[in-house]
Structure formats: structure tokens, C-alpha cells
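Student: Mind having a look at this structure? Questions to follow.
The values are calculated or read from the model by the stated rules, or taken from the named source; none is laboratory data. All values derive from a computational prediction rather than experimental measurement. Using ideal geometry, Cβ is built from the backbone for each residue, glycine included, and neighbour counts are taken over all protein chains shown.
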Amino acid sequence: MQTVKIVVTGPFNAGKTEFISSVSEIEVVSTEQKITDGAQVVKAQTTVAMDFGRITVDDDLVLYVFGTPGQKRFDFMWDILSEGMLGFVVLVDSARPETFREAKMILDRFRSYSPTPYVIAANKQDMENAWPPEDLRIALRAPSNTKVLSCVATDRQSVKNVLLELLYSILE
Amino acid sequence: MALKGNLKDFNVTQLFNLVNLARKTGALTIEGRDKRAEVCFKEGRLVYASLNGQERGLIGMLEKAGKISSEQSRVIRARSRSNADKELGLLLINAGYVTQEDIVRSVRAHTLDVVYVLFTWTDGSFVFEPNKLPSEGAITVPINLENIIMEGSRRVKEYEMLQNELPDLDLALKFTERPDSRLRDINLTVEEWRVISFINPRNTIRQIAKANSMSDFKIRRIVYGLLSAGLVDLFIPEELKKVATASEAVSAPPPVKRSLILRLIDKVKRM
């Protein structure tokens, strides 16, 4: 049995757990804990170690989808999770420009690990205040050849599209 | 769809960079405690700016620019029946008070005065409303944003912000591949030209600073300006790539077969 992995990263509350839940065939193994600091006003629970989803291709091949913890104090996990990944998705909450700086920092950090293919998913495009993907590209200073994709992490079809685009990038 | 945010998270330089690169048309409104500004753009160029508490009308702009006296200003205001600057401008030209060039220069100077004030704002909410333009009667003078962004970045005083925007000085610079990049139309300082002259795939930002005896703060500020004006891009220099590749030999996954990726694609499609 061969296993391969994709990592989903992004700032706190970008929607990583929902993203993985939308496509995982198992209930996402999520290590969520009650938030004890100021971030509580944004959401009640956060991922402290990792989210973990699975897509079984056939008897010989399984794709694991790992989500990194969003809060910066758990960033030591990023190096561990990124080891050996096929590619990664940077998920950004398009409706919260206050997180763009952190998203850019995460993007730069992951790009520095290795020249692994990646895509940027502009999440929460169903929200009224969402910045369009092309504006997000400029805000994050993403290169023109980087895919910045529209995404709604709770919509399975939308998440599938992001995964497919990442896989096409790996294929290139 | 309106873009909303706060200058604490996305500053004026970044907003102007976004408008410039995306060639946007619309109105940017910034509001803070006791302050409000409206700036309009057409196809990525600044066309109008107003600040609350400042004279908005043409008469005030001409007086500020010294094109008419305060007495003339008082008389024109008393006699003027129109509030529309375009109409008023035509009347003033026909009456021989000012020339068209005087009006264009005065409006341009006023617009620049307003936007340079905005670069000092570090807090306040903003809304960008696409396709909204100033009223029909307003005089608009299109101004390229690259020079404004460069001038704005010269006024940056916060080292922390520059460090956040440009954390790694071991990257190299290259000229942007945008076909409409207009380096020749930009007013650069001697120090900025020095940095430009060292742009080369082999030179990191740190090496450029060293060659020009520039402090970290100075080189970051110049590069930040060039980046924000869309003149240069960052990239990892070849030497650094080689080092990274060598160190990744242990952790990188073995090359994945094309057939495996095709199986994954097929699976995701069928889900």
C-alpha cells in the first residue's frame, strides 16, 4: 500500500478543517481544543496539532490530507507536516484582510521548504465581503503563474476543484 | 463587490498597489476618527481626491496654488451660480482669469497633496467601491500611480512594517515582466537608481545594500517602494536554490510517478 500526502495550510480560522471534512471519506481526525486566548471571539475551537483526512484511491493507493494548526504558536508542526508532501494548498479567508499578512508569511515559509507545487485557495467566496481571487493574488504578492482559486470550503465540489488544480500543477 | 478592511492590516501603499496592478476603476473611501478621504481611480490611474476639512472646490485649489488672489476668490464665489467645477473652470478661462494649464496644475497639486497625507494614516477603515467615480461636474486629472507609490514609500518610518513586508534580504530582484511597466516615466532618487543599477539575478538585496553602503532600513524602504510600484519582483537566487536543493535531499519525497498522479486525479473527479 502506497500513501501520499497533501498539506492544507493557512491562517487561523481560514477554514482548513472544513476544507478537509468536505472531501475526506473518514470523519476528520481533528485535534481541536477550546481556545483560551483572545482568538475566542473569532471561533470557539482551533486545531492544535493537525487535521487528518483520507481519500482511498484503490487497494494500493491512499491520499492523506493534513491540515496544519492555524495559530502561530503551533508553527513548529508545519515543518513536520510538510515533510514528504506532494504539494500544498494555502487557504485564505478572503473576507478577512487582517489575515492576509499572515497568509503571505505562511506561503513564504512553505515555499522555502522545497520547490513543491502549491495553489492558493481564496476561501469564503460566498461571503459578501470576500476579496476576489485576483485581488488576493496582488495582496499576497503571489507570482503570476501561481493558481489563485475561488473556494468555498464547505462545498465539496469547490474543494474538489482546488484539489484537482493542485494535482494538475504537480503533473506539470 | 466592495473591498473592505482596515489600514492597520492593508495600508495605503498596498491599496494603491492593488489599484495600479489590477487597473481598477472606483472610489476608495477611508474613514478614521475625525477624518475622511475619498480617492477615485480610473483604469488604475488616480483621478480625484478629497479630504474632509480641506477645500474641495476649484476656486480654493486655484487660490492655494496662487493662481488667483483671495479677493478674486471672494468675488468669483459671490458671482458664481454653478457649483460644478468644470463649468466654473470654463467661465474662468473665458474670462481670462486663468489658463487651462493653470487649472490642470492646480487640481493635480491638490490631488497629490491629499494622497500624500493619506500615506501618513496608519489606522482607519476603508471601502473600495468598484466603478464609482466623482460627480459629473468634478474636474479629473489622471495621474499614474507608480510615482505616487514611490513617493509614499519614501515617507515610511516604521521599520517593523518594512520587515514584515520584506522579511528576507537574501532574495534577489528582477524587473517585472508586465509589459506596461513604465520605468522610464518614474522619478527616482539617486539612491533608488543605484539599487536599480545593481538588479541582477546574482545579487541578493543584502549584497546590493552592502555595495551601496545602505542600512537595512534604507534598502528595505527602497525595495518596498519598487515592489509596491510594480517595478520589480522578488525571486530566490540560483545559488540559494542549489543550497536548498542539496539540503532537501533527505526530506524531499522520492519522485512521484505520473501514473500515480493521474490515478489521484481520476479518483478526485469521481468523488
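Student: Condition first: acidic (Asp, Glu) and either part of a loop (DSSP other than H, G, I, E, B) or surrounded by fewer than 18 Cβ atoms within 10 Å (Cβ to Cβ) (or both). Now tell me which residues in the range A:128-143 satisfy that.
Tutor: Residues satisfying the conditions are A:GLU128, A:GLU134.
Student: Mind telling me which of the residues A:ALA122, A:ALA95 ends up being in a strand (DSSP E or B) and farther than 24 Å from B:SER259 by Cβ?
Tutor: Exactly one residue qualifies, and that residue is A:ALA122.
Student: Give the residue that is nearest to A:ARG141 (Cα to Cα), with candidates limited to residues of the range B:135-146 that are in contact with an Asp or Glu (Cβ under 8 Å, 6 or more places away or on another chain) and touching a residue at least 60 places away in the same chain (Cβ under 8 Å).
Tutor: So the first thing to find is which residues in the range B:135-146 are in contact with an Asp or Glu (Cβ under 8 Å, 6 or more places away or on another chain), and the list is B:137-139, B:144, B:146.
Pick out the ones that are also touching a residue at least 60 places away in the same chain (Cβ under 8 Å) and you get B:138-139, B:144, B:146.
Numbers: B:ALA138: 34, B:ILE139: 34, B:ASN144: 21, B:GLU146: 16 Å.
Per the criteria, the residue is B:GLU146.
Student: What's the total number of residues in the range B:2-53 that are basic (Lys, Arg), facing chain A (nearest Cβ under 9 Å) and touching an Asp or Glu at 6+ places or on another chain (Cβ under 9 Å)?
Tutor: Total satisfying the criteria: 2.
Here's the yes/no breakdown for (1) buried (at least 17 other Cβ atoms within 10 Å of the Cβ); (2) in contact with a strand residue (DSSP E or B) (Cβ under 8 Å, 6 or more places away or on another chain):
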position: B:ILE68; (1), (2): yes, no
position: B:ALA78; (1), (2): no, no
position: B:SER106; (1), (2): yes, no
position: B:HIS110; (1), (2): yes, yes
position: B:THR122; (1), (2): no, no
position: B:SER125; (1), (2): no, yes
position: B:LEU133; (1), (2): no, yes
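Student: Of the residues B:ARG77, B:ARG23, B:ARG36, only one is of a type in the set (D, E, K, R) and in contact with a Gly (Cβ under 6 Å, 6 or more places away or on another chain); which? Steps first, please.
Tutor: Values: B:ARG77 fails: in contact with a Gly (Cβ under 6 Å, 6 or more places away or on another chain); B:ARG36 fails: in contact with a Gly (Cβ under 6 Å, 6 or more places away or on another chain).
Only one candidate passes the filter, namely B:ARG23.
Student: Here's another thing I want to ask about it. Can you list the strands (runs of 3 or more DSSP E) found entirely within the range A:18-82 that contain at least 3 residues being modelled with pLDDT of 90 or more and either within 27 Å of A:GLN157 (Cα to Cα) or touching a helix residue (DSSP H, G or I) at 6+ places or on another chain (Cβ under 6 Å) (or both)?
Tutor: Strands (runs of 3 or more DSSP E) meeting the threshold: A:45-58, A:61-67.
Student: So is A:VAL162 of a type in the set (A, V, I, L, M), over 30 Å from B:LEU231 (Cβ atoms) and either within 9 Å of chain B (Cβ to nearest Cβ) or buried (at least 23 other Cβ atoms within 10 Å of the Cβ) (or both) or not? Can you show your working first?
Tutor: Working: of a type in the set (A, V, I, L, M): yes; over 30 Å from B:LEU231 (Cβ atoms): yes; either within 9 Å of chain B (Cβ to nearest Cβ) or buried (at least 23 other Cβ atoms within 10 Å of the Cβ) (or both): yes.
Yes, satisfied.
Student: Filter the range A:84-127 for residues that are surrounded by 21 or more Cβ atoms within 10 Å (Cβ to Cβ) and among the β-branched types (Val, Ile, Thr) and give the result.
Tutor: Within the range A:84-127, A:VAL89, A:VAL90, A:VAL92, A:THR99, A:ILE106, A:VAL119, A:ILE120 qualify.
Student: Of all residues in the range A:103-142, count the ones that are at the interface with chain B (Cβ under 10 Å from one of its Cβ atoms) and in contact (Cβ under 8 Å) with a residue 60 or more places away in the chain.
Tutor: Counting residues in the range A:103-142 that are at the interface with chain B (Cβ under 10 Å from one of its Cβ atoms) and in contact (Cβ under 8 Å) with a residue 60 or more places away in the chain gives 0.
Student: Can you tell me which residue is nearest to A:LEU86 (Cα to Cα) among those in the range B:223-248 that are more than 10 Å from every other protein chain (Cβ to nearest Cβ) and either over 31 Å from the mean Cα position of the chain (by Cα) or at pLDDT below 85 (or both)?
Tutor: From the range B:223-248, those more than 10 Å from every other protein chain (Cβ to nearest Cβ) are B:223-226, B:229, B:231-232, B:237-239, B:242-243, B:246; that's our starting set.
Next, only the ones that are either over 31 Å from the mean Cα position of the chain (by Cα) or at pLDDT below 85 (or both) stay: B:237-239, B:242-243, B:246.
Numbers: B:PRO237: 24, B:GLU238: 23, B:GLU239: 24, B:LYS242: 20, B:VAL243: 21, B:ALA246: 18 Å.
Among those that are more than 10 Å from every other protein chain (Cβ to nearest Cβ) and either over 31 Å from the mean Cα position of the chain (by Cα) or at pLDDT below 85 (or both), it is B:ALA246.
Student: Right, another one. B:ALA138 - would you say it is surrounded by 13 or more Cβ atoms within 10 Å (Cβ to Cβ) and over 30 Å from A:ALA103 (Cβ atoms)?
Tutor: Spelling it out, B:ALA138 is indeed surrounded by 13 or more Cβ atoms within 10 Å (Cβ to Cβ) and over 30 Å from A:ALA103 (Cβ atoms).
Student: Sticking with this structure for a sec: So which of B:GLU165, B:GLU192, B:GLU146, B:GLU158 ends up being charged (D, E, K, R), modelled with pLDDT under 90, within 18 Å of the chain's Cα centre (by Cα) and crowded, with 18+ Cβ neighbours inside 10 Å?
Tutor: On inspection, the qualifying residue turns out to be B:GLU165.
Per-residue answers, yes or no, for (1) aliphatic (A, V, I, L, M); (2) under 14 Å from the mean Cα position of the chain (by Cα):
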residue	(1), (2)
B:VAL12	yes, yes
B:LEU18	yes, yes
B:LYS24	no, yes
B:ALA27	yes, no
B:GLY32	no, no
B:ARG36	no, no
B:GLY44	no, yes
B:ASN52	no, no
B:MET61	yes, no
